[in-house]
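These notes are about the structure you will find just below.
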Amino acid sequence: MLALDRIDLALLAALTEHPRAGDLELSRRTQVARATVQSRLRRMTEAGVIADWDPTLDVAAAGFEVQAYVTLEISQGALDEVSRDLEAIPQVLEAYVTTGSYDVLCRVATRSHPELQATLVRIDQSSSVVRSTSVMVLSVLIPPRVLPLLASADPGPNRRAPAYRR
């Protein structure tokens, strides 16, 4: 686990706002040396804080406007089988193992309601799925975000040289 300080948070915010910015531009935006930007990004990448450098894709803008969350109750010990079955369905965007009444939570996206119905039927055809429940997404209230959570934590000590502190 990596403790993030104010510089790390500033870099992550700048990178989120300007994902195509290079090290020099991030250095200018955060007012730290380019070598600091490079070492901090490398440290956060190695620690897994920065999980990837992929672009954020909007499936609705790409034509897959019908989205739903699907909860699955599965047979005891069938997690590997369900995982294989779900991975084989391209409309399943993500799936999580959960606690509570259901075992798995999935997010699916399709181009139409008939395609959603076909996807739900395909999920239910897995021999390990005992019961499923789906909930349609009508609109996005809060898009995926991480920065407010990271900023809410104690940023720790300021590791900047005294001349660069604000």
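Under DSSP H, which helices of the chain have Cα atoms covering 15 Å or more of the helix axis and a Kyte-Doolittle average no less than 0.5?
On the way: long enough: 6-17 (16 Å, 1.08); 34-46 (18 Å, -1.19); 113-124 (16 Å, -0.20).
Those that pass (Cα extent of 15 Å or more, hydropathy at least 0.5) are 6-17.
If packing is taken as the mean number of other Cβ atoms within 10 Å per residue, what is the order of 25-36, 131-142, highest first? Present the calculation step by step, with values, prior to reporting the outcome.
On the way: 25-36: 15.8, 131-142: 10.7.
Top of the packing list down: 25-36, 131-142.
Accessible area per residue, 1.4 Å probe, Å², for the chain: what's the number? Intermediate values should be presented prior to the final figure.
Details: 11340 Å² over 166 residues.
Counting only protein heavy atoms, the per-residue value for the chain is 68 Å².
Please get the size of the charge dipole for segment 1-119, origin at its Cα centre, with Cβ charges of +1 on Lys and Arg and -1 on Asp and Glu, quoted in debye to the nearest 20.
The dipole of segment 1-119 has a size of about 760 debye.
At a 1.4 Å probe, what is the % contribution of carbon and sulfur to the accessible area of the chain?
On the way: 6130 of 11340 Å².
Ligands and nucleic acids excluded, carbon and sulfur reach 54 percent.
Only Lys, Arg, Asp and Glu count, each charged at its Cβ (+1, +1, -1, -1), so figure out the dipole size of segment 67-147 about its Cα centre, rounded to 20 debye. Display every interim value, and only then the final one.
On the way: 6 positive and 9 negative charges, 65 e Å.
Using only the charged Cβ atoms, the result is roughly 320 debye.
Does segment 40-106 come out rounded, prolate or oblate, given a ≥ b ≥ c as the square roots of the eigenvalues of its C-alpha gyration tensor, rounded meaning a/c under 1.5 and, failing that, prolate meaning a/b above b/c? All intermediate terms of the calculation are to be shown ahead of the outcome.
Details: a/c = 2.46, a/b = 1.36, b/c = 1.81.
Since a/c reaches 1.5 but b/c is at least a/b, the shape of segment 40-106 is classed as oblate.
Express the relative contact order of the chain as a whole percentage, based on alpha carbon pairs under 8 Å and six or more residues apart in sequence.
Numbers: 181 pairs, mean separation 45.8, N = 166.
So the answer I get is 28 percent.
The values are calculated or read from the model by the stated rules, or taken from the named source; none is laboratory data. Owing to the predicted nature of the structure, the values given are computational and were not obtained by experimental measurement. Please note: Cβ atoms are built from the backbone with ideal geometry, for glycine as well, and neighbour counts cover all protein chains shown. With ligands, DNA and RNA removed, areas are computed over all heavy atoms of the protein, side chains included. Shrake-Rupley method; radii C 1.70, N 1.55, O 1.52, S 1.80 Å.
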